[in-house]
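Read the structure below first, then the notes.
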Amino acid sequence: MLTFKNTNIACIILLVLTILGHKMYGISWLIYIAILFVYSLIVGYGCYFVSSGFFMPMYCSANTTDKVIAITFDDGPVKGGTPLVLQILMDADVKAAFFCIGNRIAGNEAIIKQIDADGHIIGNHSFSHSTLFDLLPAEKMLVEMQQMDSGLYNVIGKKTRLFRPPYGVMNPNLKNAIVKGNYLPIGWSVRSYDTMAKDADALLQKVTPKIKPGAVFLFHDRCPITVVMLPGFIERVKSEGYRIERLDKLLGLPAYA
């Protein structure tokens, strides 16, 4: 399996062999650039495709043949979207997971309480979801994650175990923060890209072919187009004989500490 550790080992071995070859046979210095270029591509792949487990094992889907999936929402709570999503889920008798941003809890405490009261679960999606989050040292990442935990605990008295990386990007520092904070890293098997979608019908047609046993779908409750698409998606899932299970139950994980 391709991992950060064995990629580093392979790169070091290649560099050592290249140095020896350069001294003994005059191998071109361009080989160094080629090795580092390929290394950068592999690491970049591992950062972006969290399901690869490049830095650490991620929970992205369930190993099952049962016709069951889970749906998750990132970036809430937001006044304009989350309550609408909650109403759709209630009408359809569906439970979901909401990965919330900590600095959006203040002022939206009633929404957080409703998510919990309706039987959904809440995960950690960092405190700020800053564009610079991935550049932080592990210690500061952990502080952000714990800030979100504190905000959530103050509202519903629960500490989540589930963490989803902002922007869906992993790196060695974030791995260390996840381990130190005793979180369970959550990914997905189907990324809807609803934040970039322009047409609800097109979005629905894009994601429905990916309904498969054990799939975990990633949506955003802050996106108006997702609110429009969601009832049709749930209907399609059920029409194909699937049921929608809450994420923690699908994956067999504890939602809270």
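The values are calculated or read from the model by the stated rules, or taken from the named source; none is laboratory data. Because the structure is predicted, anything quoted here is derived from the model rather than measured. Glycine also receives a Cβ, built like all others from the backbone with ideal geometry; neighbour counts cover every protein chain displayed.
Tally up the residues in segment 128-141 that are part of a helix (DSSP H, G or I) and either basic (Lys, Arg) or surrounded by fewer than 18 Cβ atoms within 10 Å (Cβ to Cβ) (or both), please.
4
Of all residues being of a type in the set (Phe, Trp, Tyr) and part of a helix (DSSP H, G or I) in segment 6-40, which is nearest to MET56 (Cα to Cα)? Just the residue, please.
Among those residues, the one meeting the criterion is TYR39.
Answer yes or no: is there a residue in segment 39-48 that is in contact (Cβ under 8 Å) with a residue 60 or more places away in the chain and among the β-branched types (Val, Ile, Thr).
Among the residues of segment 39-48, not one is in contact (Cβ under 8 Å) with a residue 60 or more places away in the chain and among the β-branched types (Val, Ile, Thr), which makes the answer no.
If ILE234 passes every condition in (1) surrounded by fewer than 13 Cβ atoms within 10 Å (Cβ to Cβ); (2) of a type in the set (A, V, I, L, M, F, W, C); (3) within 17 Å of VAL68 (Cα to Cα) but one, which one does it miss?
It is condition (1) that ILE234 fails.
Quick one: in segment 151-185, which of the residues that are aliphatic (A, V, I, L, M) and free of Cβ contacts under 8 Å to residues at least 60 places away in the same chain is farthest from LEU253 (Cα to Cα)?
Looking at the filtered set, the residue picked out is VAL155.
If I filter segment 170-185 for residues that are in the same structural domain as ALA96 (by TED's automatic domain parsing), under 18 Å from THR72 (Cβ atoms) and small (Gly, Ala, Ser), do I get at least one hit? Can you show your working first?
Start the filter on segment 170-185 by keeping residues that are in the same structural domain as ALA96 (by TED's automatic domain parsing), which leaves 170-185.
Pick out the ones that are also under 18 Å from THR72 (Cβ atoms) and you get 170, 178, 183-185.
Among the residues that remain, those that are also small (Gly, Ala, Ser) are: none.
Looking for residues that are in the same structural domain as ALA96 (by TED's automatic domain parsing), under 18 Å from THR72 (Cβ atoms) and small (Gly, Ala, Ser), one finds none in segment 170-185, hence no.
Only one of GLY44, GLY26, GLY21 is on the phi > 0 side of the Ramachandran plot and not assigned by TED's automatic domain parsing to the domain that holds ARG164. Can you tell me which?
Selected residue: GLY26, the only one of GLY44, GLY26, GLY21 that is on the phi > 0 side of the Ramachandran plot and not assigned by TED's automatic domain parsing to the domain that holds ARG164.
Among what's in segment 221-231 and is touching a helix residue (DSSP H, G or I) at 6+ places or on another chain (Cβ under 6 Å) and under 21 Å from GLY187 (Cα atoms), pick the residue that is surrounded by the fewest Cβ atoms within 10 Å (Cβ to Cβ).
Among those residues, the one meeting the criterion is LEU230.
How many of the residues in segment 191-208 are acidic (Asp, Glu) and over 19 Å from ILE69 (Cβ atoms)?
Qualifying residue count for the region: 2.
MET148 is checked against (1) buried (at least 21 other Cβ atoms within 10 Å of the Cβ); (2) over 27 Å from LEU250 (Cα atoms) and fails just one. What number does that condition carry?
(2)
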